[in-house]
Amino acid sequence: MLNIKRFMCNMLQENCYVVSDETGECVIIDCGAFFEAEHAAIKDYIRAEGLKPVHLLATHGHIDHNFGNGMVFDAYGLKVEVHGSDASLMQNLKAQAQQIAGVELGREMPPVGKYLTGKDKIAFGSHVFSIIETPGHSPGSVFFYDEEEHVAFSGDTLFRCSIGRTDLPGGSMFQMIQSLRIVCQLPDTTRIYPGHGPETTIGAELAGNPYLDR
């Protein structure tokens, strides 16, 4: 069974998740930790739970979901894995920090460890995430989906009662609509852990999200 710990990070209140199972292996998803207290909270949790991080994943290439990549690399030697269609965003994280958050990055970001495709699988412990490509918020936005437990990490594609912006560079409302049509076919019981805000389910979003339509 998955253990999911959420950390709300940075000035944009982004959700970082540490996801583990009974083996003690874990993945870190969307490490937006910017402040030292956020770095410490994530590392303290991993240490206290006796976890071994084996993947650093990003649902997309915006800086608020990647502020903490350097911390994770320093602490655990992991480089971020992100969809290849967001390569240009990942190569411009310093500029994004200024444009989106109004801050200067004090260091160079580690290079991307792997550019993912929709065919890749993310294995850790006794679990496997598949990748659902969901362009719209950014060209390389994805869901990380555990089919066995019906759990998905949606980044900034799907929120509780809302969806992500499509007006940033590379965004597309047309693509967003196509992506939402795909993800709303997931089982209604699928738990959604978004990049901002509280968790939800596919069923709840089909019932109450004005942007979703079967």
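Its Cα centre serving as origin, region 1-68 has a Cβ charge dipole (Lys and Arg +1, Asp and Glu -1) of approximately 60 debye.
With θ taken as phi - 60° and the Karplus curve 6.51 cos²θ - 1.76 cosθ + 1.60 applied, the whole-hertz 3J(HN,Hα) list for region 198-204 is x, 6, 8, 9, 4, x, 5 Hz, x standing for glycine and proline. Scanning residues 5 or more positions from LEU57 or on other chains, those with amide H under 5 Å from its amide H are ILE28, ILE29, ASP30, GLU81, with H placed 1.01 Å from N in the peptide plane.
Taking every C-alpha pair closer than 8 Å and separated by at least 6 residues, the mean separation divided by the residue count of the chain gives a relative contact order of 16 percent. Extension gain for ALA95 to LYS52 (0.36 nm times residue separation, less C-alpha to C-alpha distance): 12.3 nm.
Our summary gives region 1-95 a relative contact order of 24 percent, counting only alpha carbon pairs under 8 angstrom and 6 or more residues apart.
Couplings 3J(HN,Hα) of region 13-19, computed from phi: 6, 7, 8, 9, 10, 10, 10 Hz, in residue order, whole Hz [Karplus 6.51 cos²θ - 1.76 cosθ + 1.60, θ = phi - 60°; x for Gly and Pro].
Annotation: the antiparallel percentage among DSSP beta bridges lying fully within region 1-73 is about 70. Taking amide H positions as modeled 1.01 Å from N, with prolines and chain starts lacking one, the residues under 5 Å from GLY155 and 5 or more places away or on another chain are GLY195. Under 5 Å between amide H atoms, partner at least 5 residues away or on a different chain: which partners does LEU78 have, H built in plane at 1.01 Å? Here the answer is PHE73, since their amide H atoms fall under 5 Å of that of LEU78. Of the residues LEU78, GLY155, LEU186, the one whose Cα sits farthest toward the positive end of the charge dipole of region 49-206, with +1 on the Cβ of Lys and Arg and -1 on the Cβ of Asp and Glu, is LEU78.
Choose one answer from GLY136, GLY125, GLY70: the residue with the largest mean-square fluctuation in a GNM of the chain with alpha-carbon springs under 10 Å. Looking only at GLY136, GLY125, GLY70, the largest GNM fluctuation is found for GLY125. About the centre of its Cα atoms, the chain shows a dipole size close to 260 debye [charges on the beta carbon of Lys, Arg (+1) and Asp, Glu (-1) only; nearest 20 debye]. Take every pair of alpha-carbon atoms less than 8 Å apart whose residues are at least six positions apart; their mean separation over the length of region 108-214 yields a relative contact order of 22 percent.
In the assembled protein chains, MET90 presents an accessible area of approximately 20 Å² (probe radius 1.4 Å). Among the protein heavy atoms, those of HIS150 account for about 60 Å² of accessible surface (1.4 Å probe, every chain in place). Dipole check for region 95-214: with +1 at the C-beta of Lys and Arg, -1 at the C-beta of Asp and Glu, and the Cα centre as origin, the magnitude is about 160 Debye.
Cβ under 9 Å from LYS114's Cβ, LYS114 left aside: what net charge do those residues give with Lys, Arg +1 and Asp, Glu -1? Taking every other residue near LYS114 into account, the sum is -1.
In the context of the full set of protein chains, residues of region 31-75 present 37 Å² of accessible surface per residue (probe radius 1.4 Å, heavy atoms only). Whole-Hz Karplus values for region 67-76 come out as 3, x, 4, x, 4, 5, 5, 5, 7, 10 Hz, taken residue by residue from phi with 6.51 cos²θ - 1.76 cosθ + 1.60 and θ = phi - 60°; glycine and proline positions read x. Expressed to the nearest 5 percent, the antiparallel share of DSSP beta bridges inside the chain is 65 percent. Share of carbon and sulfur in the accessible area of region 1-128 stands at 50%, probe radius 1.4 Å. The alpha carbon centroids of region 128-164 and region 1-53 are separated by 18 Å.
The values are calculated or read from the model by the stated rules, or taken from the named source; none is laboratory data. It should be emphasised that the depicted structure is a prediction, and the values quoted were computed from it without experimental measurement. For neighbour counting, all protein chains shown are included, and Cβ atoms are generated from backbone atoms with ideal geometry for every residue, glycine included. These accessible areas exclude ligands, DNA and RNA; they are computed on the full protein's heavy atoms, side chains included. Shrake-Rupley method; radii C 1.70, N 1.55, O 1.52, S 1.80 Å.
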